[in-house]
Amino acid sequence: MSEQEREARRARLEALRSEGVDPFPATVGAWLPIGELRERYEPMDSESLEAEAQSVAVVGRIMASRSFGKLLFLRIVEAGESIQVSAKKNQLDDATFRFIRDLDVGDFVRFEGNLWRTKTDELTVDATSVRLLSKSLRGLPEKWHGLSDVEIRYRQRYLDLLVNEDARRIAVVRSRTVSAMRRFLDARGFLEVETPVLQPLYGGAAARPFTTCHNTYDQELYLRISDELYLKRLVVGGLDRVYEIGHDFRNEGVSRKHNPEFTMMECYQAYADYRDIMELVESMVRSIAMEVRGTLQIEYDGEKIDLAGAWPRIPLCQAIDEATGVDVLACEDVDSLRAAIRKKKLGPGDSSTWATLVDDLFSDHVEPTLVQPTFITDHPVELSPLAKRSQDDPRLVERFEPFIGAMEIGNAFSELNDPDDQRARMEEQLRSQAEGDEEAHPVDEDFLRALEHGMPPTGGLGMGIDRLVMILADAPNIREVILFPHLRSEIR
RNA sequence: GGGCGCGUAGCUCAAUUGGCAGAGCAAGGGACUCUUAAUCCCUAGGUUGAAGGUUCGAUUCCUUCCGCGCUCACCA
């Protein structure tokens with residue numbers, strides 16, 4: 001039973017206490033990082049180590065132990081680096097030897113000792129003294145097969161991180177991705193800002209929000225679905241280049257690509273348009289990939305992906321035409337487009353509006369093919385209430401979405417700064433909301449007032465950090481790149 | 001939310017047609033001074049996710065519920 005091992009460990013804990021040993025001491029004492037130790041001593045052979053005869057101190061968590069009666073080998077890990085520790089009965093007093101022998105896998109310890117090499121040439125710290133740093137009361141998952149139960153891996157991520165190298169690797173890739181992104185944006189003169197998560201009105205994306213309530217103000221609030229409208233207010237206020245990295249919350253289903261709470265980077269650049277932002281995305285992804293992976297040729301889901309160079313720019317309607325033979329721009333209304341879809345036998349075409357039919361065609365026939373980095377540009381205006389109209393075709397907007405690995409990793413446009421057009425589009429959204437579209441935006445009068453004060457021509461970008469990390473870490477599921485992904489409550 | 005699948009010891013997995021729930025690792029005891037999945041001997045460890053039902057008998061068949069996965073819908 002699970003109790004069995006825990007009782008044994010508790011018994012040892014009590015035994016230590018009764019001997020006057022603090023199982024959870026406050027101080028550690030000086031120690032040498034294992035990584036540094038390896039760097040310094042790995043090149044040295046047995047004789048030079050012996051000649052050096054210098055005592056070292058290491059700390060770490062015991063991950064394995066093997067006993068030969070009068071000789072013990074332990075493996076300790078600290079900061080992802082590990083080293084072997086030996087304890088020899090004939091070189092230690094009885095109490096110290098017994099103390100080391102009775103340590104459990106999982107305990108944190110500090111050893112002092114001398115370096116030597118075993119018969120198999122392994123660099124090893126031969127312990128001369130030991131100090132317990134923290135007692136572990138539960139065993140680690142199995143050492144050979146490891147931990148593969150997906151539910152435990154997500155719920156008890158600390159175990160996953162301890163025993164599965166890949167979990168640790170992905171966490172590192174994620175951290176480095178975010179810091180590389182910050183460095184890139186900072187270097188381009190962007191200012192990192194923070195805007196409200198709790199908002200009286202939500203907007204900036206097509207999604208249903210989470211709702212909450214402020215008790216003392218008796219005020220209904222929404223967890224933000226995007227940062228967009230606040231960041232644009234800052235551009236109105238003269239912060240010409242701003243970005244924010246934070247969580248957005250969308251009250252929708254979960255999938256391989258969707259977590260209800262996810263990390264978004266949004267940036268806005270005044271005096272720029274969506275073409276400038278395309279250049280920014282190409283440069284940023286290249287820069288991050290070089291820092292994180294050291295190469296622009298990566299593999300995702302078994303496909304080789306080349307992040308170098310300029311990415312193809314394909315207008316959305318053209319991409320649909322090429323994939324399906326349906327020229328959506330030639331179909332003036334819902335009915336003619338639906339007729340064209342049925343004529344090509346591309347499915348029922350049961351969405352209710354022209355724009356959503358276009359969206360469906362794209363999702364079904366184009367998106368799965370966008371494995372190499374690609375910009376899909378010039379979306380229908382109905383799908384993009386916050387983007388500026390295209391100069392060439394008023395039915396389209398200056399917008400693009402970068403795709404990698406058949407996954408949309410961002411969304412960008414020349415920001416709509418005409419307050420009257422913006423008002424008209426928001427009111428259009430209101431009408432579709434009345435018709436049952438639960439994801440339509442409400443009208444944000446405060447935002448419209450800001451636009452009336454004047455916003456410079458601005459290019460804006462939102463990028464899904466989780467998905468970018470999936471690409472860079474070659475992770476097939478968004479839950480692998482989120483340390484604590486959303487799961488149903490364990491306790492009902 | 002729909003469909004399909006899964007849930008057995010701390011971990012990884014077995015269990016014939018419905019017929020006494022088992023192994024390896026981990027744990028406890030013992031042997032062992034060169035292991036790195038150490039080896040060898042012994043021991044203990046289970047409400048088979050939960051609750052019902054069918055049956056002489058259920059891990060196995062049925063129903064409901066809980067959780068997880070895949071998938072569709074939703075969703076950028």
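Each value in this text was obtained by applying a stated rule to the coordinates, not by laboratory testing. Nothing here was measured: the structure is a model prediction, and the numbers come from that model. Here Cβ is always computed from backbone atoms with ideal geometry, including for glycine, and neighbour counts include all displayed protein chains.
Points worth noting:
- With the charge dipole of chain A set up from +1 on Lys and Arg Cβ and -1 on Asp and Glu Cβ about the Cα centre, the Cα lying farthest toward the positive end among the listed residues A:Leu357, A:Leu140, A:Thr212 is that of A:Leu140.
- Percent antiparallel among DSSP beta bridges (both partners in chain A, rounded to 5): 90 percent
- Full extension of the segment from A:Lys343 to A:Phe68, taken as 0.36 nm per residue of separation minus the current Cα-Cα distance, would add 91.2 nm.
- Restraint check, A:Lys257/A:Lys345; A:Lys304/A:Lys344; A:Lys343/A:Lys388, Cα-Cα greater than 30 Å: A:Lys304/A:Lys344; A:Lys343/A:Lys388
- Cβ-derived FRET efficiency at R0 56 Å, A:Glu194 paired with A:Arg6, nearest 0.05: 0.80
- Per residue, chain A reaches -10500 deg cm²/dmol at 222 nm when only DSSP H runs of four or more residues are counted, each adding -39500 (n - 2.57).
- Approximate spin-label separation A:Ala310-A:Ser363, in nm, with each point projected 7 Å along Cα-to-Cβ: 3.2 nm
- Normalised convex hull volume, the range A:449-492, alpha-carbon set, Å³ per residue: 136 Å³
- Two-decimal ratio, the range A:290-449, of alpha-carbon radius of gyration to 2.2 N^0.38 Å: 1.16
- Between A:Arg101 and A:Glu47, the FRET efficiency from the beta-carbon distance, with R0 = 35 Å, is close to 0.70.
- Computed over all pairs of different Cα atoms, the Kirkwood value for the hydrodynamic radius of chain A is 26.7 Å.
- Peptides A:44-56, A:97-109 ordered by average Cβ neighbours within 10 Å, highest first: A:97-109, A:44-56
- With 5 Å bins from 0: P(r) over the range A:2-140, alpha-carbon pairs, percent: 2, 10, 20, 23, 21, 13, 6, 4, 1, 0
- About its Cα centre, the range A:2-140 has a charge dipole of approximately 540 debye under the convention of +1 per Lys or Arg Cβ and -1 per Asp or Glu Cβ, with nothing else charged.
- Between A:Glu36 and A:Asp149, the FRET efficiency from the beta-carbon distance, with R0 = 30 Å, is close to 0.25.
- Rounded to the nearest 20, the size of the Cβ-charge dipole of chain A about its Cα centre is 2240 debye, with Lys and Arg at +1 and Asp and Glu at -1.
- Computed Rg/Rh of the range A:137-198, alpha carbon atoms with Kirkwood Rh: 1.21
- The range A:51-76-the range A:92-122 distance, computed between alpha-carbon centres (Å): 4 Å
- The range A:192-262-the range A:401-419 distance, computed between alpha-carbon centres (Å): 17 Å
- Placing unit charges on each Cβ (+1 for Lys and Arg, -1 for Asp and Glu) gives chain A a dipole about its Cα centre, and among A:Gly29, A:Leu115, A:Leu185 the Cα reaching farthest toward its positive end belongs to A:Leu115.
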